[in-house]
Amino acid sequence: MANEVEQLVEHYITLRDKKAEIANAAKAKLAKVDALLDKIEGALLLTFQQSGAESVRTKSGTAYKSTKASATVADWDAVLNYIRDNELWQMLERRVSKDAVIQFREQHNDLPPGVNWREEVTINVRRA
């Protein structure tokens, strides 16, 4: 059995190294393509700004402007107080922090009410 495990571990490491090599090569190629895409997007945006266009249809496709938005919290206490005071619960997302649940579980040897827990055992291989 030890010989079989040795061979499996050796083969696993070889394949993992090959996977990393392929992924790194792909990342390098993708970075070049992403840089070119960013330049083209910048050129299109400048053209749209200069012309006042919102979209342009061509025989190759349509380019159009869109606005992406994100909201981040600068002061959780202020946000939570405002949400609580105004009952704006829809501003919160429904999830719990895994780290906080782990800490609670360690302290209380149980889960908080209403929380599910799942663990999966996997095999990891480390280089010698």
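List the residue pairs whose Cβ atoms are under 9 Å apart, where the first residue sits in the range 100-128 and is farther than 30 Å from residue 6 by Cα, the second is assigned to a helix (DSSP H, G or I) and among the aromatic types (Phe, Trp, Tyr), and the two are 6 or more positions apart or on different chains.
Close Cβ pairs satisfying both conditions: 110/104; 111/104; 112/104; 115/104.
Give 102, 40, 13 a once-over and let me know the one that is surrounded by 10 or more Cβ atoms within 10 Å (Cβ to Cβ) and either in contact with a His (Cβ under 8 Å, 6 or more places away or on another chain) or farther than 30 Å from residue 127 by Cβ (or both).
40
Would a scan of the range 64-85 turn up a residue that is part of a helix (DSSP H, G or I), without any contact (Cβ under 8 Å) to a residue 60 or more places away in the chain, surrounded by 10 or more Cβ atoms within 10 Å (Cβ to Cβ) and of a type in the set (S, T, N, Q)?
yes
Taken together, the values in this text are just the output of simple stated rules run on the coordinates, not laboratory data. Just so we're clear, the structure is a prediction, and the values are computed from it rather than from any experiment. All Cβ positions, even for glycine, are placed from backbone atoms using ideal geometry, and neighbour counts span all protein chains on display.
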